[in-house]
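Data block below; observations after.
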Amino acid sequence: MIPHSPRRDTGRARAGLTAGQWLGVVALLTTAVACFSEDLGVKAGTYLPDPDGREQLKNQVRAKQDSGEVDRFWQHYRDQVLNAIKHPAPLPVRTVYAPTTEFHAVAFTLPNNFVDQNGKVVAHKGQVIEPLAISPLTSALLFIDGRDPQQVQWAVRRGQLTTAKIVLTAGSPIELRERYRNTPWSTGAGVPFYFDQREIIIDTLARMYGIQLASVPAALSQEGKGLRIAYGLGGPQ
């Protein structure tokens, strides 16, 4: 008879748990999970992702095109631009019919020597420069308010007698050109009307010659080596 080996019995015991023991382990784990679980509740709702931003913009543009809103916008913009060209904003120059005359000597005394790029003196300090003696005024300038028929007729009649350019401080040069397109002029048929955009001519007269255009109608012409400006409805009517 072979004696029973205690070591062999121990190895068999380690080989695995019995069915009852497994049930006990499962029950223990279930109890532990139940003890440590927590109801976190609902933190936020669930939403579908927003559409792509570019697609949203494209859809809005398509909708505006389909409704005609885009076409109406561009038509309104076009009308505004054309109206600004045809009817520019009037300049802040008043109308005075009473005749007055001013004469402005156009001469400058040089405060310093002027040299060229090579350092050669081309004009000496104290020298008097008379620009109209070097480059004369080739045509008179007639400043008028183009909204006033009396001023327009005065300028056209005066311009037909001498070389002149009609400069508007208000009114529509396009409409006046159309109205007088068949009127005889020194350059042919049609009277050219100009508008002093951004007061470039007026500012130049003030800055270079010290002439402040006080009112319209006014006729600016060269007299000798200076400039004569006659205000009011003088001359041919």
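The set of residues in region 85-113 that are hydrophobic (A, V, I, L, M, F, W, C), part of a strand (DSSP E or B) and farther than 30 Å from Val152 by Cβ comprises Ala105, Phe108. No other residue among Glu175, Glu199 is over 19 Å from Gln153 (Cα atoms) and surrounded by 13 or more Cβ atoms within 10 Å (Cβ to Cβ) apart from Glu199. Say whether the condition of being closer than 26 Å to Lys165 by Cβ and of a type in the set (A, V, I, L, M, F, W, C) is met by at least one residue in region 45-67. No: region 45-67 contains no residue that is closer than 26 Å to Lys165 by Cβ and of a type in the set (A, V, I, L, M, F, W, C).
If a residue must be assigned to a loop (DSSP other than H, G, I, E, B) and among the charged types (D, E, K, R), how many such residues does region 201-237 contain? Adding up the residues that qualify gives 1. Pairs linking a residue in region 110-126 that is under 19 Å from Met208 (Cα atoms) to a residue that is basic (Lys, Arg) and surrounded by 10 or more Cβ atoms within 10 Å (Cβ to Cβ), with Cβ atoms under 8 Å and 6 or more positions apart or on different chains, are Leu110/Lys125; Pro111/Lys125; Asn112/Lys125. Quick one: is Phe73 modelled with pLDDT under 90 and either surrounded by fewer than 11 Cβ atoms within 10 Å (Cβ to Cβ) or not polar (S, T, N, Q) (or both)? Answer is yes for this residue.
Name every residue in region 166-181 that is among the hydroxyl-bearing types (Ser, Thr, Tyr) and within 17 Å of Val93 (Cβ to Cβ), in order of residue number. Outline the logic, then answer.
Our first condition is that a residue be among the hydroxyl-bearing types (Ser, Thr, Tyr); within region 166-181, this holds for 169, 172, 180.
Hits for region 166-181 are Thr169, Ser172.
Sub-8 Å Cβ pairs linking a first residue in region 206-222 that is under 14 Å from Lys165 (Cα atoms) and surrounded by 16 or more Cβ atoms within 10 Å (Cβ to Cβ) to a second residue that is acidic (Asp, Glu) and at pLDDT 95 or above, at least 6 apart or interchain, are Pro217/Asp145, ordered by first then second residue. Checked against the criterion of being modelled with pLDDT of 85 or more, on the phi > 0 side of the Ramachandran plot and not β-branched (Val, Ile, Thr), region 47-68 contains one or more residues that satisfy it. Picking from residues in region 114-133 that are closer than 30 Å to Arg157 by Cα and of a type in the set (A, V, I, L, M), the one that is surrounded by the most Cβ atoms within 10 Å (Cβ to Cβ) is Leu132. May I ask you to say which residue of Gln212, Gln160, Gln151, Gln197 is polar (S, T, N, Q), at pLDDT below 95 and within 15 Å of Pro90 (Cβ to Cβ)? After ruling out the rest, the residue left standing is Gln197.
The values are calculated or read from the model by the stated rules, or taken from the named source; none is laboratory data. Keep in mind it's a predicted model, so treat the numbers as computed, not measured. Reconstructed Cβ throughout: ideal geometry from the backbone, glycine too, with neighbour counts over all protein chains shown.
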